[in-house]
Amino acid sequence: MIITGEGMRMRIGILGTGTLAAALGEGWALAGHELAVAGRTSARAQELADRLGPRARAVTPRQAVADRDAVLLAVLLAVSWQGAEDMLRSAGAADGSLAGTALIDPTNAVEHGVGVLLTGPGEAMAQRIARLCPGAHVVKAFHMFPSDHWTRSRASGKPPVTVAMCGDDPRALHVVGELVRDLGAAPAVLGSLDRVRQLEEVAGFTIGLAFAGTDPNSAIPRLSSAAA
């Protein structure tokens, strides 16, 4: 981890080149972090790195996870789990390449337009990812907001949103919490990965309502912390 007089500067790996990778990467680059981007193809990785600016560079998946303070797994799962599995395999996850690293899982493995989780009964996506990455410190985070929220929020001046997180490792939760703050949001730890299925179900619930034409905010009571 790189520390400067301006605060904490991290080495972040990004596995994926989609809209969420771009939105979070842009915010982290503006915060001064060093980014290593890997995608399904080197051309896509280079395109995103160029877009993110001088603090980003395109690398291979294995290079993206080597000697990083945190790694973002930003692979679309709405159609198939296979994409995330392939990306982790390319990064050498099964060989322990992510051991000791905070691995951010923002995925939503849900049926498109319905919001029903595609994982088995009682199974959470973050736990499945953890099994594929021995030694990695998986943190579920950033899965509740669409990617364009992170680009709009930097210019809107609206109050910060809360990013709910689950994870087993206190240091990894701290690292991801700092990255949440760098995006102008507030981190909130729900619990360990034992509770992550609950957090993923919340995303499925809100996605299902949104596709049905209902504002999810209207279905969630606004309680003060004291009342809760």
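The values are calculated or read from the model by the stated rules, or taken from the named source; none is laboratory data. For clarity, every value in this text was computed on a predicted model and none was experimentally measured. Ideal geometry is used to build each Cβ from the backbone, glycine not excepted, and the neighbour counts take in all protein chains shown. Just the protein is used for accessible areas: all its heavy atoms, side chains included, with ligands, DNA and RNA removed. Shrake-Rupley method; radii C 1.70, N 1.55, O 1.52, S 1.80 Å.
Sort the following peptides by mean Cβ neighbour count (other Cβ atoms within 10 Å, averaged over residues), highest first: 202-209, 100-107.
Put in order of decreasing packing, that is 100-107, 202-209.
Between Ala219 and Arg152, the simple label model (points 7 Å from Cα in the Cβ direction) yields a spacing of 1.9 nm.
Counting only protein heavy atoms and a 1.4 Å probe, the chain has 48 square angstrom of accessible area per residue. Each residue of the range 195-202 is assigned a 3J(HN,Hα), and the resulting list reads 9, 5, 4, 4, 5, 5, 5, 4 Hz, derived from the Karplus form 6.51 cos²θ - 1.76 cosθ + 1.60 (θ = phi - 60°), x at Gly and Pro. In this simple spin-label model, placing a label point 7 Å from the Cα along the Cα-to-Cβ direction at both Val161 and Thr41 gives a separation of 3.1 nm.
Can you check what the net charge comes to around Ala130, using other residues whose Cβ is under 9 Å from the Cβ of Ala130 (Lys, Arg +1; Asp, Glu -1)?
Net of charged neighbours comes to 0.
Among beta bridges from DSSP that stay inside the range 1-75, the antiparallel ones total about 20%. The charge dipole of the chain, taken about its Cα centre with unit charges on the Cβ of Lys, Arg, Asp and Glu (plus for the first two, minus for the last two), comes to roughly 300 debye. Spacing of the modelled spin labels on Ala94 and Arg195, each 7 Å from Cα toward Cβ, amounts to 3.4 nm. Within the chain, antiparallel bridges make up roughly 20 percent of the DSSP beta bridges whose residues both belong there. A Förster distance of 22 Å, applied to the separation of the beta-carbon atoms of Arg131 and Arg171, puts the FRET efficiency at 0.60.
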